[in-house]
Amino acid sequence: MFFFGVLFLMPIILLVMNAFKTHNDMIQNFLSFPHYLYTGNFTEAIERLKFWRVVGNSAYVTLGTMLVCTIISFMAAYGIAHIPGKLGNVLYLIFTLGQIIPFHSIMIALSVQLTNTNLLNNLTVLIFLYAGFHGAFGIFTYVGFLKSIPKELEEAAAIDGCGMFRCMWQVIFPLVRSTSITLLVLFFLWTWNDFLMPNLYVSDSGLRTLTVAIYMFKSTSGSEWNLMLAGMTLSMVPIIIIYIAAQKYITSGLTAGAVKM
């Protein structure tokens, strides 16, 4: 297990190692340790990327997606889980099938549609696009857990005068805390790391996300690999922090969402 752990961590180790090398040292020997910690790559990358602006763009899209997708997924799953008979199962199947549709199969049609409706170069539009694509997995995960919650809890809340909407958010939603944290972490990872969608639908340089801005270091005439590696290292920091902080919830949340209907 230690061997496989090192094997899987090797790309990250090489990435960080070479981010602290000068360009010449990196070209001469990519696998060697840096002779000293050279921080010039990070300074130049931050300046060239307009780092805080692109991080702000990425944070806006990512946090917006996490919020919108979690709310929509939970409300849709709550409704599906409470529809009796076959209709609930049919709706659950329809939303679940959304996971098997790859983005690449519809990205051209979606690009044409966004162009015709003047919705390109809009970070808020990106939030709702991500929410639509990630929502299928959110509904799939939430429904499995909601099916396992005793109906007596909601009946007791109704007897005490609690309406459906209030019951949904104040009684049931706190019970799916681990599942919600798991989904929030996954939505963060998928959105923060995504390159294709913002690259296709956001051409304004002032609205670039971090992943797209980092790619600007690569061109047909040459690539500034040292700056690209420094930018990628910086982009990993929030991912690692959030993943470590929420690690204990991830396994329990996915297990809870895997309950059979």
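The values are calculated or read from the model by the stated rules, or taken from the named source; none is laboratory data. The structure displayed is predicted, hence computed values, not measured ones. Cβ placement follows ideal geometry from the backbone for every residue including glycine, while neighbour counts extend to all protein chains displayed. Protein only, heavy atoms only, side chains kept; ligands, DNA and RNA dropped before computing areas. Shrake-Rupley method; radii C 1.70, N 1.55, O 1.52, S 1.80 Å.
Taken over region 17-43, the criterion of being open to solvent by less than 80 Å² (accessible area, probe 1.4 Å) and part of a helix (DSSP H, G or I) is satisfied by M17, N18, A19, H23, D25, M26, G40, N41, F42.
Could you list, in sequence order, the residues of region 172-204 that are more than 17 Å from P238 (Cβ to Cβ), open to solvent by less than 40 Å² (accessible area, probe 1.4 Å) and part of a helix (DSSP H, G or I)?
I172, V176, S178, T179, S180, T182, L183, M197, Y201
Restricting attention to region 162-171, the residues that are open to solvent by less than 70 Å² (accessible area, probe 1.4 Å) and either in contact with a helix residue (DSSP H, G or I) (Cβ under 8 Å, 6 or more places away or on another chain) or part of a helix (DSSP H, G or I) (or both) total 5.
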